[in-house]
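Some notes on the structure that comes next.
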Amino acid sequence: MNFLFLSWLLLGLGACTASLPWRSSKIPAILGGGSAVLGCLSGLIAAGQGLIAGKAETFSLPWSMPGGSFSLRLDGLSAFFLLPLFIVGLAGAVYATEYMQKEKAPLHWTWYNFLLVSMAMVVTAANGLLFLFAWECMSLTSFFLVITEFNLAEAVAAGWTYLLATHLGAAFLFAFFLTAGAFSGSLDFSSFHLLGKLSVPVASALFLLLLVGFGSKAGIFPFHVWLPDAHPAAPSHVSAIMSGVMVKTAIYGLLRMCSFLPVSPVWWGGLLMALGIIGALFGIAMAALQRDVKRGLAYSTVENVGIIILALGFWMQSRAAGQHLIAALALAGALIHLLNHTLFKSLLFLGAGSLIHGSGSRNLNHMGGLMRRMPVTSLLIVCGGMAISALPPFNGLVGEWFIYRALLGGGSTLSGLGGFFPAALLGLLALVGGMVIIVMTRIIGIALAGSPRSPEAAQAHEAGWPMLSAMTVMALLCLAGGLAPVLLLRVAGQAGVLLDPDSANLFAGQDINPWWLGMMAFMLLGSLLAAFSFSRWRQRRGTVAAANTWGCGFAFPASRMAYSAESYTELAQSGMFCSCLIPESKDGQTVGYFPLIRSFVFTAPDPLLEKFFRPLFQWTAGYCRRCCCRLQSGNLHIYLFYVFSATILLLFWAWQR
Amino acid sequence: MKITILQLFLHLLLLFGLSPLLSGVIGKTKALFAGRTGPPWLQLYYDIWKLFGKGLVLSRVTTWVFRAGPVVGLAVPVLAALLIPFGSIGAPLSFTGDLIFFIYLFGLARFFTACAALDTGSAFEGMGAVREVTFSCLAEPTVFFAFIVLARLSGSLSLDAMFGQTLAASWHSAAPSLLLILVCLFLVTLVENCRIPFDDPNTHLELTMIHEVMVLDHSGPDLGMILYGAAMKLFVLGALVVRLFLPGTTGSMILDLLLFAGGMLLLAVIIGVVESTMARLRLLRIPQLLVGASLLSFFSLILLLR
């Protein structure tokens with residue numbers, strides 16, 4: 001715990017000093033970046049201690065807040081979430097020293113460091129009020145980071161959507177904590193075990209409050225609408241933190257609070273599974289339609305959160321049904337996938353930032369041919385793409401392997417509806433897995449491969465060593481996870497044992513052990529190496545001639561003729577997607593022998609935002625405005641009447657008490 | 001969880017030695033239907049040998065990803081072949097849950113073949129890449145449903161046991177389900193190896209093709225590796241179909257080997273017959289057929305859920 005305080009102290013000092021009016025622009029970078037790096041290192045030690053020791057540390061200070069106490073608790077579950085937080089925080093800090101523009105950097109360091117502190121506080125808080133305080137700090141600091149590019153209208157608009165969504169979600173959390181506090185008599189988590197005695201309907205109502213409150217932060221399907229706008233608007237390393245870590249703090253909250261509630265009835269798990277699979281399918285379909293590379297990655301976060309929620313739902317459902325082996329597999333899958341997603345999604349966001357930094361555009365159609373000009377970044381993005389597509393030998397497969405095994409276990413042993421749902425989910429999850437490959441080959445094939453699609457892309461430059469080293473570390477961690485899946489299971493076990501001891505005890509068993517997966521990853525690397533050396537050996541015999549792309553004898557291919565981001569998904573879009581997802585396109589048709597010049601406009605906004613939430617909120621705003629006009633009529637006697645009636649009501653209230 | 005040296009040796013021998021012959025058998029069958037003599041039985045061996053001795057021409061646009069396509073395309077089927085039984089010869093590598101690894105291995109090959117195709121910057125090859133990833137994506141649920149049926153029948157989650165000794169008994173107890181997934185796996189074999197009715201491996205210049213167009217720019221040893229890898233992929237997926245069709249064992253390893261080899265050749269003849277008697281489907285019909293196959297395999301699972 002001491003290292004955690006040291007980390008907060010360092011981060012806090014850096015945050016306060018970086019934005020002072022220093023004369024040289026280097027000083028904020030040194031102060032902010034240095035403190036962030038040191039703070040994250042110290043935090044990593046704290047997380048490592050928590051994971052290795054495996055027992056909870058508590059800390060408490062009196063706090064003059066009514067109902068609040070400054071009490072912290074660092075146990076296996078907290079340490080499990082602190083670990084990715086500080087890894088990505090560290091990589092992001094190193095990355096930002098190069099990525100951030102000079103004039104915006106100092107203030108950015110303040111918000112960045114405070115964001116890290118508040119996220120670490122969210123996962124260690126042991127009091128409801130402190131949790132909400134840290135939660136709000138996290139929302140506000142990340143809001144300021146989202147609007148770092150405050151001179152761009154779309155960034156500010158995305159920021160407002162985010163602020164609105166996160167506060168609506170927080171309102172549900174306030175409702176939860178007030179209700180829970182009323183039931184248990186105190187806002188301290190140590191007294192929340194009394195919630196375990198609640199009746200099922202009351203507990204279910206609390207669970208729904210949690211689902212909406214945390215779901216709006218985690219990007220669970222119907223509440224994800226802010227996420228595809230806000231994550232891309234932020235600087236890339238902040239996108240990495242938000243997509244990789246911040247959405248996970250919401251899942252932490254959900255898990256922690258659910259652990260206080262009584263053991264769930266079956267339908268909680270069923271609800272989570274339904275939301276999860278819909279979110280996964282929806283997220284990956286939308287990701288395939290985006291031409292903005294970061295927006296595509298943000299939708300892929302919606303998909304991955306969907307997969308995690310699906311696995312968590314399956315865990316809850318199997319636990320309620322008493323199938324502990326399946327529950328253990330699903331829980332391990334959810335936790336490992338959560339950890340893995342942090343690693344590869346931040347790698348991909350950092351890589352996307354590097355592409356934007358190098359080529360000056362976020363549009364896939366303006367990139368192209370970056371593999372030649374930015375070889376290291378491209379290699380790392382290919383690694384990230386393989387990891388997120390769950391391809392061996394990277395870590396993505398490990399989490400999905402557990403989830404698939406849980407679903408296979410359910411589908412192949414249970415009878416009736418108990419076997420039907422896991423089997424159906426398995427098929428849909430396989431579909432999602434196939435679509436992830438479409439999305440990732442699209443990003444790699446359109447942005448990195450081929451020839452440059454714009455003059456800027458032809459002039460693109462490789463990132464410097466801070467950005468590259470940050471990405472390399474993430475890529476190596478992804479590879480390490482794939483080669484040593486047992487380690488991932490160990491780490492997940494520390495969190496799992498707090499959530500579901502019956503299932504987590506099975507983690508150590510031979511039946512669950514994934515060491516063969518690591519073994520196969522090594523064998524894959526071996527056979528790839530053998531095939532590669534064969535290819536090299538044959539190549540040495542002949543000469544390697546360079547020529548134009550043959551392409552069936554078409555001698556003058558131009559980048560404008562190559563497949564574009566939209567044409568890449570046209571087949572999937574027309575063959576597989578339901579009509580509500582089809583993007584709006586305007587006038588791409590050419591008619592007749594001598595067509596006029598035509599323009600083609602293609603936009604893929606979020607259908608849920610455009611067709612449901614925006615009309616709903618606009619109607620609400622209009623209604624409230626009309627009510628307001630009626631109340632504030634401008635006549636003095638009406639206002640005096642308000643004051644008078646309010647006073648009388650207060651008197652009555654005081655008298656009643 | 002076992003590694004047997006003899007099984008490993010037999011697997012590699014069969015895979016490397018026999019896989020290019022299937023293409024020759026298919027070619028001969030098609031020639032028979034068309035009344036031609038057709039290419040020699042061993043044509044693909046000659047082609048591969050010739051290509052391995054040739055020089056390499058690379059497009060100026062391409063990078064390492066382009067070279068990685070053939071490497072992955074060759075390494076993946078070899079590793080995948082070690083996870084499945086060939087006839088009644090058990091898999092050399094087997095562990096609980098290896099079927100997921102098996103499916104994602106082919107995902108890896110697809111990922112790199114598509115990236116390599118896009119690396120040439122040609123619209124032709126982009127088109128092929130799109131079709132490959134989209135159709136395989138639709139075929140994936142079918143494979144999972146088929147495997148879950150077999151897992152249910154055998155009570156195990158490793159390919160070796162799922163396609164193992166219990167299969168013969170399962171044919172007695174659950175013949176309708178197994179018949180359905182036999183059809184589905186045959187369809188998956190056709191789509192994954194780009195055969196008619198999904199793709200025509202003979203057309204190079206039509207806009208309808210998938211796999212052939214992706215490898216247009218590969219040449220020399222790289223093309224040889226791609227051809228070899230494709231032949232092995234057909235062999236591996238075909239081996240699953242053959243095992244499903246010919247379960248059980250005769251007791252003698254030599255007879256089992258001959259039975260398996262005969263089964264593979266029969267499969268090649270059937271593919272040749274399908275290719276000779278059917279036309280390629282319209283492109284937009286293909287997703288419908290694939291979704292149909294998924295539903296069929298899901299139905300075969302429902303038959304078992306009771």
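The values are calculated or read from the model by the stated rules, or taken from the named source; none is laboratory data. It should be emphasised that the depicted structure is a prediction, and the values quoted were computed from it without experimental measurement. No Cβ is skipped: glycine too gets one built from the backbone with ideal geometry, and neighbour counts run over all protein chains shown. The accessibility values were calculated without ligands, DNA or RNA, using every heavy atom of the protein model including side chains. Shrake-Rupley method; radii C 1.70, N 1.55, O 1.52, S 1.80 Å.
Taken over the stretch A:71-117, the criterion of being of a type in the set (A, V, I, L, M) and under 23 Å from residue A:131 (Cα atoms) is satisfied by A:72, A:74, A:77, A:79, A:82, A:83, A:85, A:87, A:88, A:115, A:116, A:117.
If the condition is being assigned to a helix (DSSP H, G or I) and within 11 Å of chain B (Cβ to nearest Cβ), then the stretch A:571-584 contributes A:571, A:572, A:573, A:574, A:575.
Residue-by-condition table, conditions (1) over 23 Å from the mean Cα position of the chain (by Cα); (2) on the phi > 0 side of the Ramachandran plot; (3) at pLDDT 95 or above; (4) not charged (D, E, K, R):
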residue	(1), (2), (3), (4)
A:47	no, no, no, yes
A:69	yes, no, no, yes
A:99	no, no, no, yes
A:103	yes, no, no, no
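Scanning the stretch A:369-385 for residues that are assigned to a helix (DSSP H, G or I) and hydrophobic (A, V, I, L, M, F, W, C), we see that the one that is most open to solvent (accessible area, probe 1.4 Å) is A:379.
Under the condition of being within 9 Å of another protein chain (Cβ to nearest Cβ) and under 12 Å from residue B:152 (Cβ atoms), the residues counted in the stretch B:291-306 number 5. Each residue in the stretch A:560-570 was checked for being within 18 Å of residue B:116 (Cβ to Cβ) and assigned to a loop (DSSP other than H, G, I, E, B), and 2 of them qualify. Counting only helices (runs of 4 or more DSSP H) that fall entirely inside the stretch A:34-144 and contain at least 1 residues that are open to solvent by 20 Å² or more (accessible area, probe 1.4 Å) and under 22 Å from residue A:231 (Cβ atoms), the qualifying elements are A:76-99, A:105-124.
Among the candidates A:186, A:190, which residue alone is outside any helix (DSSP H, G or I), open to solvent by 20 Å² or more (accessible area, probe 1.4 Å), modelled with pLDDT under 90 and among the hydroxyl-bearing types (Ser, Thr, Tyr)? Reasoning before the result, please.
On the way: A:190 fails: outside any helix (DSSP H, G or I).
Answer to the check: A:186.
Scan the stretch A:505-523 for residues that are assigned to a helix (DSSP H, G or I) and open to solvent by 10 Å² or more (accessible area, probe 1.4 Å) and jot them down. Before the answer, list the steps.
To start, the set of residues in the stretch A:505-523 that are assigned to a helix (DSSP H, G or I) comprises A:505-508, A:515-523.
Answer for the stretch A:505-523, where residues must be assigned to a helix (DSSP H, G or I) and open to solvent by 10 Å² or more (accessible area, probe 1.4 Å): A:505, A:506, A:507, A:508, A:515, A:516, A:519, A:522, A:523.
Selection of the stretch A:306-338 for residues being under 24 Å from residue A:207 (Cα atoms) and surrounded by fewer than 24 Cβ atoms within 10 Å (Cβ to Cβ) yields A:319, A:320, A:321, A:322, A:323, A:324. Listed by first and then second residue, the pairs with beta-carbon distance under 9 Å, at least 6 apart or on different chains, first residue in the stretch A:620-643 and in a loop (DSSP other than H, G, I, E, B), second open to solvent by 60 Å² or more (accessible area, probe 1.4 Å), are A:632/A:639; A:633/A:639. Evaluation of residue B:140 against the conditions (1) over 30 Å from residue A:537 (Cβ atoms); (2) touching a residue at least 40 places away in the same chain (Cβ under 8 Å) shows that the sole unmet condition is (2).
Look through B:9, B:16, B:86 and report the one residue that is open to solvent by less than 30 Å² (accessible area, probe 1.4 Å) and not basic (Lys, Arg). If you could, list the steps in order and put the result at the bottom.
On the way: B:9 fails: open to solvent by less than 30 Å² (accessible area, probe 1.4 Å); B:16 fails: open to solvent by less than 30 Å² (accessible area, probe 1.4 Å).
Result: B:86 is the single residue among B:9, B:16, B:86 that is open to solvent by less than 30 Å² (accessible area, probe 1.4 Å) and not basic (Lys, Arg).
For residue B:185, the conditions (1) surrounded by 24 or more Cβ atoms within 10 Å (Cβ to Cβ); (2) under 25 Å from residue B:21 (Cβ atoms); (3) touching a residue at least 60 places away in the same chain (Cβ under 8 Å) are fulfilled apart from (3).
Which one is nearest to the other protein chains (Cβ to nearest Cβ) among residues in the stretch A:411-435 that are open to solvent by less than 10 Å² (accessible area, probe 1.4 Å) and either modelled with pLDDT under 90 or under 30 Å from residue B:121 (Cβ atoms) (or both)?
First, pick out the residues of the stretch A:411-435 that are open to solvent by less than 10 Å² (accessible area, probe 1.4 Å): A:411, A:419, A:422-423, A:426-427, A:429-430, A:432-434.
The next check asks that each one be either modelled with pLDDT under 90 or under 30 Å from residue B:121 (Cβ atoms) (or both); those that pass are A:411, A:419, A:432-434.
Details: A:411: 5, A:419: 5, A:432: 9, A:433: 6, A:434: 3 Å.
Taking the candidates together, the pick is A:434.
Note on the stretch A:1-26: residues that are open to solvent by 60 Å² or more (accessible area, probe 1.4 Å), in a helix (DSSP H, G or I) and free of Cβ contacts under 8 Å to residues at least 60 places away in the same chain total 6. Among residues of the stretch A:39-67 that are over 15 Å from residue A:495 (Cβ atoms), those with a Cβ under 7 angstrom from a residue that is open to solvent by 80 Å² or more (accessible area, probe 1.4 Å), sequence gap 6+ or separate chain, pair up as A:58/A:73.
The set of residues in the stretch B:129-163 that are open to solvent by 10 Å² or more (accessible area, probe 1.4 Å), more than 8 Å from chain A (Cβ to nearest Cβ) and in a helix (DSSP H, G or I) comprises B:132, B:153, B:154, B:160, B:161. Would you check if there is a residue in the stretch A:637-644 being of a type in the set (Val, Ile, Thr), modelled with pLDDT of 90 or more and open to solvent by 70 Å² or more (accessible area, probe 1.4 Å)? Among the residues of the stretch A:637-644, at least one is of a type in the set (Val, Ile, Thr), modelled with pLDDT of 90 or more and open to solvent by 70 Å² or more (accessible area, probe 1.4 Å), which makes the answer yes. If you take the residues of the stretch A:548-557 that are open to solvent by 40 Å² or more (accessible area, probe 1.4 Å) and either facing chain B (nearest Cβ under 10 Å) or in a helix (DSSP H, G or I) (or both), which of them is nearest to residue A:610 (Cα to Cα)? Once the filter is applied, the top-ranked residue is A:557. Taken over the stretch A:198-256, residues that are open to solvent by less than 10 Å² (accessible area, probe 1.4 Å), in a helix (DSSP H, G or I) and β-branched (Val, Ile, Thr) amount to 6.
Only one entry of A:361, A:346, A:378 meets the criterion of being away from every other protein chain (no Cβ under 14 Å), polar (S, T, N, Q) and over 30 Å from residue B:98 (Cα atoms), and that entry is A:361.
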